[in-house]
Amino acid sequence: MKMITAIVNKEDSGAVCNALTKGGFSVTKLSTTGGFLMAGNMTLLIGTEDEKVDEAIELIASCSRQRTEVVPSTANYGIGVTTTYPLQVTVGGATIFVTNVERFEKL
Ligand code: 2BA
């Protein structure tokens, strides 16, 4: 058995959860915050059989869009002068980790 941990954009999370649930997957949603942008995203926990991992990832990918975000960044010139400039970062579609589950119990 595997645990899929998928970090998706908040705006995509509803569609991703619907697709996974329709596909017969159990999903737990956690509201999370990205450490870089400090913006809300959604982390999904999906426990599933090894042979269904690729299907789950395809469903997540089909509902997750890449986005460009602009964040303020600063440059320090070392002479007491600092300027702020806009930095473009590409976020998502989804960041996915697949880990082995040693034991699974529902009590
Ligand atoms: P954030 O940490 O808010 O990062 C948002 C986006 O900012 C990232 O998109 C990436 O394009 C950029 N970024 C992140 N750290 C950066 C840095 N040190 N320098 C320059 N640009 C940087 P994604 O890679 O698509 O990541 C989306 C969200 O997924 C992240 O939000 C974070 O919550 C999570 N994530 C991504 N990689 C992770 C990892 N290795 N471990 C844990 N969480 C991760």
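The values are calculated or read from the model by the stated rules, or taken from the named source; none is laboratory data. Because the structure is a prediction, the values reported are computed rather than measured. Note: ideal-geometry Cβ built from the backbone for every residue, glycine included; neighbour counts use all protein chains shown. The area values use the complete protein model at the heavy-atom level, side chains included, leaving out ligands, DNA and RNA. Shrake-Rupley method; radii C 1.70, N 1.55, O 1.52, S 1.80 Å.
Given the Cα-Cα distance of Thr90 and Leu30 and 0.36 nm per residue of separation, how much length would full extension add, in nm? Length difference between fully extended and current span is 19.4 nm.
Adding -39500 (n - 2.57) for every DSSP H run of four residues or longer, then dividing by how many residues the chain holds, sets the calculated 222 nm ellipticity at -7000 deg cm²/dmol.
In the chain, the longest principal axis of the Cα atoms and the axis of helix 53-63 are about 50 degrees apart.
Quick check on the chain: take the gyration tensor over C-alpha atoms, sort the square-rooted eigenvalues as a ≥ b ≥ c, and tell me if it's rounded (a/c under 1.5), prolate or oblate. Note, shape of the chain comes out prolate. Taking 0.36 nm per residue of separation and subtracting the Cα-Cα distance, full extension of the segment from Arg67 to Phe104 would add 9.8 nm.
Enter the angle in degrees (range 0 to 90, nearest 10) between the Cα long axis of helix 10-22 and the first principal axis of the Cα atoms of the chain, meaning the one along which they spread out most. Taking Cα atoms only, the helix is inclined about 10 degrees.
Ignoring the sites themselves, what is the longest stretch of the chain with no GluC sites (Glu not before Pro) in a DSSP loop and at most 12 other beta-carbon atoms within 10 Å? The segment 50-101 is the longest one with no such site.
FRET efficiency for the pair Glu11 and Asp54, taken as 1/(1 + (r/R0)^6) with r the Cβ-Cβ distance and R0 = 25 Å, rounds to 0.50. Here the chain exposes an accessible surface that is 51 percent carbon and sulfur, computed with a 1.4 Å probe and the other protein chains kept in place.
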